[in-house]
Amino acid sequence: MTPQEEAALRALPKVELHCHLEGCVRPATLIELADANGVPLPTRDPAQIYAYSDMDSFLRVFELLSRAVVTQDDVRRITLESLEDAAASGVVYREMFVNPTVHPACPYPELLAGLREGLAQARERHGVLGRVIMSIYRSHPPEAALRMVEEVAANPCDEVVGIGMDGDELAGPPLLFRSAYEAAAAAGLRRTAHAGERFDPAEIRACLDVLGCERIDHGYGVLADDGLLRRCREERVPFTYAWLSTLYNYRGPLAEHPFRRMGDAGLRMSLGSDDPAIGGTDLASDYVTVCESFGWTAEEMRRQNADAVEAAWCGPDDKAWVRERLAAG
C-alpha cells in the first residue's frame, strides 16, 4: 500500500456500527476516574493499564474500567472523548454499545443523561453523530437484562436506538435472554447481538430465530454452516466485524481468515473498532490493516460504508445527513 493509499483510507468518511463505549476510555482518563471514584488499579502506567492476553483477561480489564465510570459526568466525559477520537479516524456516524449493568453505582436515568450530554457536545464540537445501543452483559443474570430493557423502554429517546448483547458467549446461551428481547421488541427497540465470535453457528441461529435479531455482531461462526451462510446472504443480514476480536480468536492463515471468507461469500459487512482504547488502535488504523491484509481497496470500504448506512438504526433525516457526508469524501 502506498502512502497515498493509506492516507486516503484514513481520511475516508466512515460509518461505524460496532464499538463499545467502555472500550473507548482513554488510559489516562481511566486513571483519573479510578482515583476520583476510589477504584484500585493494578498499575498506574497508561501503557500497561489495558494489558490482556485472551478473552478472559480482556473481560477482566473491561469490567475493571467499567467500575471506574460512576457519575453522570463520568459518562458525559467518556462519551465526548470517544467521539472526538472517532472523528479523528474519519467517523461521521457511530452506534456505540453501552452496558448499563456494569455501572451499578450509576442509576439508569443518570447514565442516560450523561450519554445524551456527551452525544450533543460531540455533534456540536466535532461534527460526529452518535447513537447508543444498550447492551446486555451475558455474565449477568437474565433478570438483570430484563430489568435493564424495561428501564430503557420506560425512558425512550432518539439517542437510544436498540438493544444488544455482549460479553463471553460461554457465560450464557441466547435462550436465557429471550424475555429481555421480547420486551425490547414490544417496546419497538431494534435488536442485535454478539454471536458466533467463538465460531459457533448455533449462536447465530438462536439470535436470529429466537431473539429476533436484525443484525449480527462478529458472526464468524456463520462460515461453519453452509445453509446458514446462504440464508444470511439471501436475507441480507448485516454483520458488524472487528479486527481486534480475531487477534485472540483466530490463529490461522490470512488466506482462510473469516473476514476474507465472509467477503468472498457476499455477506453484508461493516468494520468496527470494537474496543479501540483497550486494543491500542483506532478505526482508521483498522481500515489500513484490513485492506493491507486482504487486498481490499478504498472503493471496497466505501461499499461497506454504504451498506452500513442502510443497516444503521438512526432516523431517515440522520441517514440523509450521513450519506451527504460520505459522498463529500
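The values are calculated or read from the model by the stated rules, or taken from the named source; none is laboratory data. Quantities reported herein were computed from a predicted structural model and do not represent experimental measurements. Don't worry about glycine lacking a Cβ; one is built from the backbone with ideal geometry, like all the others, and counts go over all protein chains shown.
Structural remarks
- Residues in segment 207-232 that are β-branched (Val, Ile, Thr), free of Cβ contacts under 8 Å to residues at least 40 places away in the same chain and in contact with a Cys (Cβ under 8 Å, 6 or more places away or on another chain): Ile216 only.
- In this structure, Gly219 does not satisfy being at pLDDT below 95, within 28 Å of Val290 (Cα to Cα) and of a type outside the set (Val, Ile, Thr).
- Annotation: of all residues in segment 138-164 being touching a Leu at 6+ places or on another chain (Cβ under 8 Å) and under 16 Å from Met96 (Cβ atoms), the one that is surrounded by the fewest Cβ atoms within 10 Å (Cβ to Cβ) is Cys157.
- Residue match in segment 126-139 (condition: over 30 Å from Asp286 (Cα atoms) and charged (D, E, K, R)): no
- In the set (1) in contact with a helix residue (DSSP H, G or I) (Cβ under 7 Å, 6 or more places away or on another chain); (2) assigned to a loop (DSSP other than H, G, I, E, B), the condition left unmet by Pro104 is number (1).
- Selection status of Ile49, surrounded by 13 or more Cβ atoms within 10 Å (Cβ to Cβ), at negative phi, in a loop (DSSP other than H, G, I, E, B) and free of Cβ contacts under 8 Å to residues at least 60 places away in the same chain: yes
- Within segment 202-219, being in a strand (DSSP E or B) and on the phi < 0 side of the Ramachandran plot holds for Arg215, Ile216, Asp217.
- Test result for Leu111, in contact with a strand residue (DSSP E or B) (Cβ under 6 Å, 6 or more places away or on another chain) and touching a residue at least 12 places away in the same chain (Cβ under 8 Å): no
- Verdict on Val15 being buried (at least 17 other Cβ atoms within 10 Å of the Cβ), touching a residue at least 40 places away in the same chain (Cβ under 8 Å), in contact with a Phe, Trp or Tyr (Cβ under 9 Å, 6 or more places away or on another chain) and not in a helix (DSSP H, G or I): yes
- Scanning segment 109-156 for residues that are in a loop (DSSP other than H, G, I, E, B) and among the basic types (Lys, Arg) gives a single hit, Arg138.
- Residue within segment 54-74 that is surrounded by fewer than 22 Cβ atoms within 10 Å (Cβ to Cβ), in a helix (DSSP H, G or I) and modelled with pLDDT of 95 or more present: yes
- Leading residue by the ranking (surrounded by the fewest Cβ atoms within 10 Å (Cβ to Cβ)) among those in segment 197-206 that are closer than 17 Å to Arg233 by Cβ and touching a residue at least 24 places away in the same chain (Cβ under 8 Å): Pro201
- Restricting Ser57, Ser89, Ser82 to residues that are among the small types (Gly, Ala, Ser) and more than 18 Å from the chain's Cα centre (by Cα) narrows the list to Ser57.
- Of the residues making up segment 303-317, those that are assigned to a helix (DSSP H, G or I), surrounded by fewer than 18 Cβ atoms within 10 Å (Cβ to Cβ) and either over 19 Å from the mean Cα position of the chain (by Cα) or small (Gly, Ala, Ser) (or both) are Arg303, Ala306, Pro316, Asp317.
- Output for segment 25-46, where each listed residue is within 15 Å of Arg76 (Cα to Cα) and either in a loop (DSSP other than H, G, I, E, B) or aromatic (Phe, Trp, Tyr) (or both): Val25, Arg26
- Check on Glu22, under 28 Å from Asn155 (Cβ atoms) and either in a helix (DSSP H, G or I) or modelled with pLDDT under 95 (or both): yes
- Qualifying residues in segment 136-169 (those that are among the small types (Gly, Ala, Ser) and farther than 24 Å from Arg94 by Cβ) - the one farthest from the chain's Cα centre (by Cα): Ala154
- Test for Leu115: is it crowded, with 18+ Cβ neighbours inside 10 Å, under 18 Å from the mean Cα position of the chain (by Cα) and under 14 Å from His20 (Cα atoms): yes
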